[in-house]
1. Write out the trypsin sites (Lys or Arg not before Pro) in the stretch 22-97 meeting two conditions: DSSP loop, and at most 15 other Cβ atoms within 10 Å of their Cβ.
2. I need Y74, Y164, Y110, Y60 ordered by Cβ neighbour count within 10 Å, fewest first.
3. If each residue of separation counts as 0.36 nm, what is the full-extension length gain between D67 and F32 once their alpha-carbon separation is subtracted?
4. List D136, D71 from most exposed to least, where exposure is judged by having the fewest other Cβ atoms within 10 Å.
5. Once both labels are modelled 7 Å past Cα along the beta-carbon direction, what's the K19-W161 spacing in nm?
6. Would you calculate the separation in nanometres between label points at Y85 and C97, each defined as 7 Å from the Cα along the Cα-to-beta-carbon direction?
7. Once the Cα gyration tensor of the stretch 7-119 is found, what semi-axes does its equivalent ellipsoid get, as square roots of 5 times the eigenvalues, in whole Å, sorted largest first?
8. Spelling out what I want: for every residue of the stretch 156-173, take phi, set θ = phi - 60°, compute 6.51 cos²θ - 1.76 cosθ + 1.60 (Karplus), and round to whole Hz; glycine and proline get x.
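Coordinate-derived values only; no laboratory data. Quantities reported herein were computed from a predicted structural model and do not represent experimental measurements. Here Cβ is always computed from backbone atoms with ideal geometry, including for glycine, and neighbour counts include all displayed protein chains.
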Amino acid sequence: MTTRTKRSTDDLHALDIRKIARAGLLKPGGTFTWQWTRRGAVVASIGGIVDTANAVTLHYRTRRHGDDWQDKRYQVIVDWTACNYGGKRPWWLCPCCGKRVAVLWGGSTYACRHCQQINYESTRTAESSKPFERADKVRRRLGWCAGVANPAGDKPKGMHWKTYGRLLSKINSHSIAAMQSTDDLVDRLTGRLRGIEGRLNATR
C-alpha cells in the first residue's frame, strides 16, 4: 500500500486575486492574461474575462503527464468585503467548495488549498527543521557548537553524569530524526525533479 504525499504550494501556480486587483484588472467588461515566469521565461498563463464585478471567467489549457491538451473555461464568483479603513477587498469563492479565499491554486482546475490537498512549502520546511532545532537546543545546554554534523564536546564541569547521559541520549535521538527528515526532503526533491524530467521528455 502506497501513501500519497500531499503536494505543496510550490507545486502549483497561485492565482492571487489581490495582485490582480492591484494591477487594475478587475474592471467589468475587461479581460486579462496572468503569467507565471521562471528565470525570465513564461512557464504558464491563464486568461480572465471580467463578466461583472462579481464574476470572472477563467480560460486556459492544461494537460497531465504528456496527455493531450485540454481547454478549460468556467466562471468563478468574486465576493467583496469592506476594509476597516474604507474601500473593498475582493475574494475568490472556490469553484469546488465555495470557500472565500484570496488565492486559487492551479492544477487541472483552480481551487483553494484545501480542495487541492496541498500544504504550504514553508510548513513542510518548518516541520523538517524541528529535529535540528531540538538537537541544537540540547547542544547549547551542553555548551557545544550547534549543528548535528559538528563533533561532540566534553561534559560540562559540574554536571552530573546521569544528567549528561540523558542529554546525550536526547541529542542522539534528535540527530537521527534530523537525518531522517533530510532524507525525506531529498526524496521529495528527487521526485519533483523526475516529474519535471518526465514532462520535458514528453514534449520532445
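1. R39, R63, R64
2. Y74, Y164, Y60, Y110
3. Value of the extension gain: 9.9 nm.
4. D71, D136
5. That separation, rounded to one decimal, is 6.1 nm.
6. 3.2 nm
7. Rounded to whole Å, the semi-axes are 23, 16, 14.
8. Along the stretch 156-173, the couplings run x, 4, x, 7, 5, 4, 5, 5, 4, x, 5, 5, 4, 5, 5, 4, 4, 5 Hz.
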